[in-house]
Amino acid sequence: MNALSVVVPLYNEQDNVMELHQEIVKALSGRCEFEIIFVDDGSTDQTAQVARALKPLKYIQLRRNYGQTSAMDAGIKAARHPYIATLDGDLQNDPADILRLMDYLVANDLDIVSGWRKKRHDSLAKKFVSRGANLLRSILVKDNIHDSGCTLKLYKKECFSTVTLYGEMHRFIPAILKIKGFKVGEVEVNHRPRTHGVTKYNWKRTVKGFLDMISVWFWNKYAVRPLHLLGGFGLVSLALGFGFGLWTVLLAIQGMDLSNSMQPFMALFFIGLGFLFLMIGLIADMMTKIYYGLKIETPYNIRQVLDSEDMQDDQTINTGSPE
């Protein structure tokens, strides 16, 4: 029987936490060994109070709102089972799909299975932005899945042995892991309309996601060889500079007045820019080698980690009779 850790990032989901916990327990009880990890990403409502009363549960509380990616990373690092499922805390992902993803992963010898919300229950604006992002992602990232933005995914824990998530990178986890050589699959999953709370998505997250997509593209193409990209720009710039320089020399041989001509300035500009690109490329190449030799600090700070047994003991102490 496969052992499974279910990681759920939460931010102001007080009306969804209890029902979500009940659905996860119902979907997995008697079918596999599991643990539930709720990561409270600095909620300002009653999410913490509701979550602490649930059992079984490992509750992680971050000191402030760091974002969904950091919350997910904290939960993944706290997971103790060999398989990790992630899903949203808004009840739009169906916990009943988790074991379907597990069966597909095992049957096809995969490392990651991503959910595909083929029939989405979102606003038209959100669907439009999501489809545009998916199209752009398919061009730049090429992770060969339809719906990278679906939080419902299943991973082998070993996928994260050398990965720390940041920014809005949770959308691109399959792409990042595929770059590292892991095998990725996809399964259609149920997507439900939000019934409680409000969506956390806005234009800022869209912009951050786009920038992170460029970052993933760069890491895919040039993570271990940035000099190939920047040095290529440098060589093109140097070629243009020497071309303008040759043009300038030919004009001078013909006796033309170059005092008001742009050719000498263009030659100096492109030659200088070319050398600058080459130097930046060399520095980036050295920094890449240093990066792979260092332990990177996590971009978030955990306030506390509580198991449901700890929370039960705490409640007993608080409600016990005074001596």
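Just to be sure before I move on: is Asn108 more than 25 Å from Asn301 (Cα to Cα), in contact (Cβ under 8 Å) with a residue 12 or more places away in the chain and surrounded by fewer than 21 Cβ atoms within 10 Å (Cβ to Cβ) in the structure I sent? So Asn108 passes the test.
Within the span defined as region 67-80, every residue fails to be surrounded by 23 or more Cβ atoms within 10 Å (Cβ to Cβ) and without any contact (Cβ under 8 Å) to a residue 60 or more places away in the chain. Among the residues of region 259-276, those identified as surrounded by 13 or more Cβ atoms within 10 Å (Cβ to Cβ) and among the aliphatic types (A, V, I, L, M) are Met266, Ala267, Leu268, Ile271, Leu273, Leu276.
Of all residues in region 219-257, those that are surrounded by fewer than 16 Cβ atoms within 10 Å (Cβ to Cβ), of a type in the set (Val, Ile, Thr) and at pLDDT 80 or above total 3. Pairs are defined by a Cβ separation below 7 Å, a sequence spacing of at least 6 or placement on different chains, a first member in region 181-209 that is in the same structural domain as Ala107 (by TED's automatic domain parsing) and surrounded by 13 or more Cβ atoms within 10 Å (Cβ to Cβ), and a second member that is among the basic types (Lys, Arg) and at pLDDT below 90; the pairs so defined are Val184/Lys178; Glu188/Lys118; Val189/Arg117; His191/Arg117; His191/Lys119; His191/Arg120; Tyr201/Lys126; Gly209/Arg171. Scanning region 75-126 for residues that are of a type in the set (Ser, Thr, Tyr) and within 19 Å of Lys156 (Cα to Cα), we see that the one that is modelled with the lowest pLDDT is Ser114. The residues of region 90-105 that are over 22 Å from Tyr11 (Cα atoms) and buried (at least 17 other Cβ atoms within 10 Å of the Cβ), listed by number, are Asp97, Leu99, Arg100, Leu101, Met102, Leu105. Ala3 meets the stated requirement of being of a type outside the set (Val, Ile, Thr) and touching a Pro at 6+ places or on another chain (Cβ under 7 Å).
Identify all residues within region 127-155 that are among the aromatic types (Phe, Trp, Tyr) and either modelled with pLDDT under 70 or more than 16 Å from the chain's Cα centre (by Cα) (or both); write none if there are none. If the condition is that a residue be among the aromatic types (Phe, Trp, Tyr) and either modelled with pLDDT under 70 or more than 16 Å from the chain's Cα centre (by Cα) (or both), then Phe128 is the only one that fits.
Taking Ala27 as the residue in question, decide whether it is surrounded by fewer than 23 Cβ atoms within 10 Å (Cβ to Cβ) and under 22 Å from the mean Cα position of the chain (by Cα). Working first, answer last.
Numbers: surrounded by fewer than 23 Cβ atoms within 10 Å (Cβ to Cβ): yes; under 22 Å from the mean Cα position of the chain (by Cα): no.
Considered against the rule, which asks whether it is surrounded by fewer than 23 Cβ atoms within 10 Å (Cβ to Cβ) and under 22 Å from the mean Cα position of the chain (by Cα), Ala27 comes out as no.
The values are calculated or read from the model by the stated rules, or taken from the named source; none is laboratory data. As the structure is a computational prediction, the values presented were derived from the model and not from experiment. No Cβ is skipped: glycine too gets one built from the backbone with ideal geometry, and neighbour counts run over all protein chains shown.
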